[in-house]
Structure formats: C-alpha cells, structure tokens
Amino acid sequence: MNEMLVKDKVGKTEAPAIPYADLRGWLKQAEALGEVRVVKGASWEKEIGQASEVVLHDENAPCVVFDEVPGSPKGFRVLVNFFGGKRRNMTLGFPAELSKLELTEAFRAQRMAENRLIPPVEVTDGPIMENVLEGDDIDVLKFPTPRWHSSDGGRYIGTGSYDVTRDPDEGWINLGTYRVMVQNSKQVGIYISPGKHGRIHRDKFIARGEPMPVCVVVGGDPLTFLMACTELPYGVSEFDFLGGFRGAPMQVIRGKHTGLPFPANAEIVLEGFIDPKLRLDEGPFGEWTGYYASDVRPEPVMDIKAIYHRNDPIILGCPPQRPPDELARYRAVTRSAILRENIAKAGVPDVTAVWAHEVGTARMLLGVAVKQRYPGHAAQAGHVAAMCHVGAYAGKYVIVVDEDIDVSDLDTLIWAMITRSDPATSIDIIHNAWSTPLDPRLTPWDREKGNFTNSRAIIDACRPYHWRDQFPKVNAPSPEEAAEARKKWGHLLK
Ligand SMILES: Cc1cc2nc3c(=O)[nH]c(=O)nc-3n(C[C@H](O)[C@H](O)[C@H](O)COP(=O)(O)O)c2cc1C
Ligand SMILES: [Mn+2]
C-alpha cells in the first residue's frame, strides 16, 4: 500500500469538542495561537478588500481584524481569513498535526458519519439582543461593510454569512450562504443560484405571491458558517446537523417579525422579507470561479424590518478570490468529506479517498480514488461523484484513480490522469447538468435564455480493469523504500 493512501486511521471515536461557541470565542482561540493581526483605520472603499486579497491567497497568513474603519463607530469590526494556519484545524475542533486530507477524514468519520441531528433550543435573550433597531433606526450602512473587489457593484455585507429561510409547504428551516449586497440603508439584495435550498423556498413563496421571511446572520460562529455554505441534505435543517456536530443544541432566538430562528450569540442579524415582485440590480461581484460571470442582473430584494447586533459587532468576511484562496481552502476540506459520504451512501464500495480541488474552488475538479473490485467500478464511482448532491452543482471534471494515488496532490493526480487514461476511450461526457449563471463558460445566448446547464467529463484514469495486472510498474520507491531513503538522505534537503 502506498504511504500516501489515506486510511481511516482516525477511526470512529468521539470527536474532540469544538473549542468555541461564537465568533468571539473563536477569535480568542485564534489569538491564543498567535495568529491574529489587528489593522486600524483601513477604508471600506478600498483598503480592506486590498489587504484581504493579499492574505486570502496565503494559507499561512494570519487572520486579520479591521477596526476603526472610517465611517463606522470604533469597535465595529471586519474579520477576514479565518481558515488558515493552525486555525484551520482548530475551527473544526481537531489537533493541529492533522494534514488537510486527514482533517477531512476526521471531520467525516467523527462528526458527519453518525448523522446525529440535535435540534436547536429556543431562548428569549442573548448577546444578539444588545441592540435592536427598528423603524427609522434601521440603518445597515452603519456597519463597516467593505467593497471587496475594485469592480464590485456594491458593498457586500453577506459573504461569511448565511440566510435562514423556511419552506412554506414543509416547514423546515434552511441555512444557506447566499451573497448579500447593501442596496441602501433599509434594503439588501440577495443572490441565490437555481437549485439551492433557499432558492427552492423562494420560488415557492414567489409562486404563491407572498413575501418570503429571511434572517441574514452576519458574524455567526465559523463552524455554523462552514455548514451553511456546504451542501447538507435537502429537507433537514443545518441547525440540527450543527447540534449533532457539537454534541449540544444551538441556542436560537425567534425574530420578532418573521418568527425565524437565529443564533442568540451571532454578531449581526438582518431580519426582513423578500418581496415577491420587487427586483433591483445586483452585482457584479467577484465570484469563486475567479470571474465576474453573472455580472449585473435584477434580483430580489429584502426589506429590513429589524437589525439586531451585539455591542462592537464583527462582520465575518469571506470574499471569493481567484482560486486557490481561503474559500477554496475551507470548501476543499468540508466538501471532500461530504462528497465521500455522498458516494458511500449511494452504495459505491471501496472509495479510499476523495479531494475536491482548491484550484476549482472545490467544485470544478474532483479526484476520486478507488480500490477497483469489479469491472465498471471506476465508472460507477466517477459518475456518482459527478452527480451526487455535493458534486452536481457547477462541476466540470472528475478524475478517478487507483488507490495508490494521493488525490489531494494536484501534480500526482494529473500525472495519473495523463499516464493511465487514453483520451479516446477513457472520458465519459454528461450533458445538461446542473450549473449556474456564475459559470464563465456559459455561452452568452444560453445565459440570455436562462439555460444554466453545462457538461461534465468523467475521466477514468485507473489502470484498465481487464488488464490491470499487465500495466507497467511505477518506478517510484515503495513506501518502505521511500521512508528508508528519507531517513538516510533527508539531510541533503536541509
Ligand atoms: C463565501 C460564499 C459565498 C457564497 N455565495 C453564494 C451565493 O451568492 N449564491 C448561492 O446560491 N450560493 C452561494 N454560495 C454557495 C452556497 O452557500 C452553498 O451551495 C450552500 O450549500 C447553499 O446552501 P443549501 O445547500 O442549503 O442551499 C456561497 C458559498 C460561499 C462559501
Ligand atoms: Mn440546505
């Protein structure tokens, strides 16, 4: 067995506790790791976005807290680059020494696989109630919301945020990270791609001609944000999963106007209704593909009925950049875990590792390693990876490899692809798959018509099953030989 193969060495034992309850608790932990820098006086118009672009591209860069932003009260802050350095493992509640692939596996095996659901408990008070603004006092412009990229069409308060909605037919609560742009002091625009759970809720409200209640949570604890921006199953509230991951229910308060729950310890909550008819221009916004693909379009708008915020609130900022970036870093970890769960639940055996690659922001390039057991096994794993819940939206390429390949290493994955596949016979194409207006390769005419689909390539880069025993041997040393060589000659690299 190759030493790079990820084993289930983390086992199924109980995961360590998450070491924080809210964003401030998280910040204390990050400070204890020595990984927080405070910047005073940077402008929301340009400098916060400019500095963020620099740190978000470096996985060892610190978390940065911007304070004393001109135009906002002192103490109103913006926090960026939470997922990097030693904070990465701390955020998911695991020891620092786990590699990114091991972290994913630990998260999957110890937090996800049990699929425990613990619903939140309702409380009537909490720090989020320190300031409640209604009527004329509503002013979303008081927060230091940055313009994240120089060509953005507005200030996006909702990046490291999530929107709470309720299914009007079925009653379940969803959390989804859908970007939120400030329109004016009392209105924000929310963009939700087709097929997302919040979009399904919204489409139902629009079909009824009714306003949709929404609570936008800005500055929730990072774990809740991570689960809100990841594809958890339809019909089950992310709040219940989070309770399960933490081993304790989340504490929520019901909004006065919508009755929707939001965490009692969040930093800022915007509560209101999306009008079924009103549309205002939204975008452009620098997107996770590295482009401004969806440009400016009329999108639904939320009328704010109440703003709740803690004293000295903190905006969690997660603006997408050209990948690989921070967004790709955290999504690779969480989505790889969920992808492996999805594939296993579809009944595909012996998938030994998966990696949703950073360069495709954990969507457009998926690596899947299988221990081939039967003819067709590799194609089955590839097609399921391409079409399961977490793989289906906005995917492009799936590469299936044998279990000796470290799927998380881009060079190794591509080496396997170019040496073990045959272009004419190893690639399957799926047409008309679930895509998005954010796809830069969508043709202008399909974009115009709302045809938001694309195609997928599934590349079988396994040693062909029927003659796998005759496939040339690799010339790399065995794991034992490699270990011996490193022990003896590793000093040459120092
Ligand atoms: C920083 C960030 C911003 C995002 N913005 C959007 C967005 O504007 N619209 C959207 O549909 N999805 C967006 N997503 C992706 C969704 O959050 C993700 O697909 C999530 O699974 C949606 O929740 P749902 O599965 O409950 O629909 C974003 C993700 C991240 C990490
Ligand atoms: Mn959901």
Quiz item: So which residues in segment 119-167 are among the aromatic types (Phe, Trp, Tyr) and either open to solvent by 40 Å² or more (accessible area, probe 1.4 Å) or within 16 Å of ligand 2 (Cβ to nearest atom) (or both), if there are any at all?
Solution: 162
Quiz item: What's the number of the condition residue 115 fails, among (1) on the phi > 0 side of the Ramachandran plot; (2) modelled with pLDDT of 95 or more?
Solution: (2)
Quiz item: Quick check: is even one residue across segment 247-256 open to solvent by 10 Å² or more (accessible area, probe 1.4 Å), touching a residue at least 40 places away in the same chain (Cβ under 8 Å) and within 16 Å of ligand 2 (Cβ to nearest atom)?
Solution: yes
Quiz prompt | Residue that is surrounded by the fewest Cβ atoms within 10 Å (Cβ to Cβ) [pool: residues in segment 221-246 that are more than 15 Å from ligand 2 (Cβ to nearest atom) and within 18 Å of the chain's Cα centre (by Cα)] | solution = 223
Self-check item: Scan of segment 212-230 for residues that are among the small types (Gly, Ala, Ser) and either farther than 13 Å from residue 163 by Cα or part of a loop (DSSP other than H, G, I, E, B) (or both), ordered by number
Solution: 219, 220
Quiz prompt | Positions within segment 231-246 being within 16 Å of residue 263 (Cα to Cα) and not in a helix (DSSP H, G or I), in sequence order | solution = 237
Quiz item: In segment 258-344, which strands (runs of 3 or more DSSP E) lie fully inside it and hold 3 or more residues that are open to solvent by less than 10 Å² (accessible area, probe 1.4 Å) and farther than 25 Å from residue 82 by Cβ?
Solution: 268-282, 297-309
Exercise. Answer yes or no as to whether residue 384 is touching a residue at least 12 places away in the same chain (Cβ under 8 Å) and over 13 Å from residue 463 (Cα atoms).
Key: yes
Exercise. Among the helices (runs of 4 or more DSSP H) lying completely within segment 14-92, list those that include at least 3 residues that are open to solvent by 40 Å² or more (accessible area, probe 1.4 Å).
Key: 23-32, 47-56
Practice problem: Just give me the residues in segment 443-494 being hydrophobic (A, V, I, L, M, F, W, C) and farther than 23 Å from residue 399 by Cβ, in sequence order. | Solution: 445, 452, 482, 483, 485, 489, 492, 493
Quiz prompt | Among the candidates 11, 25, residue that is small (Gly, Ala, Ser) and at pLDDT 95 or above | solution = 25
Quiz item: Within the set of pairs 6+ apart or on separate chains, which have a first residue in segment 424-440 that is touching a residue at least 24 places away in the same chain (Cβ under 8 Å) and open to solvent by less than 60 Å² (accessible area, probe 1.4 Å), a second that is charged (D, E, K, R) and part of a loop (DSSP other than H, G, I, E, B), and C-beta atoms under 7 Å apart?
Solution: 438/287
Exercise. Answer with yes or no whether residue 412 is of a type in the set (Ser, Thr, Tyr), open to solvent by 20 Å² or more (accessible area, probe 1.4 Å), on the phi < 0 side of the Ramachandran plot and free of Cβ contacts under 8 Å to residues at least 60 places away in the same chain.
Key: no
Quiz item: What are the residues in segment 97-115 that are within 18 Å of residue 13 (Cα to Cα) and assigned to a loop (DSSP other than H, G, I, E, B), if any?
Solution: 97, 98, 113, 114, 115
Self-check item: Selection count, segment 168-180, where residues are hydrophobic (A, V, I, L, M, F, W, C), under 25 Å from residue 286 (Cβ atoms) and within 14 Å of ligand 2 (Cβ to nearest atom)
Solution: 1
Self-check item: Criterion violated by residue 184 - all others in (1) without any contact (Cβ under 8 Å) to a residue 60 or more places away in the chain; (2) more than 9 Å from ligand 1 (Cβ to nearest atom); (3) crowded, with 22+ Cβ neighbours inside 10 Å satisfied
Solution: (3)
Exercise. Pull up segment 445-493, narrow it to residues that are part of a loop (DSSP other than H, G, I, E, B) and within 33 Å of the chain's Cα centre (by Cα), then point me to the one that is surrounded by the most Cβ atoms within 10 Å (Cβ to Cβ).
Key: 462
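The values are calculated or read from the model by the stated rules, or taken from the named source; none is laboratory data. Given the structure is predicted, the values throughout are model-derived calculations rather than measurements. Please note: Cβ atoms are built from the backbone with ideal geometry, for glycine as well, and neighbour counts cover all protein chains shown. Side chains included, ligands, DNA and RNA excluded: accessible areas come from the protein's heavy atoms. Shrake-Rupley method; radii C 1.70, N 1.55, O 1.52, S 1.80 Å.
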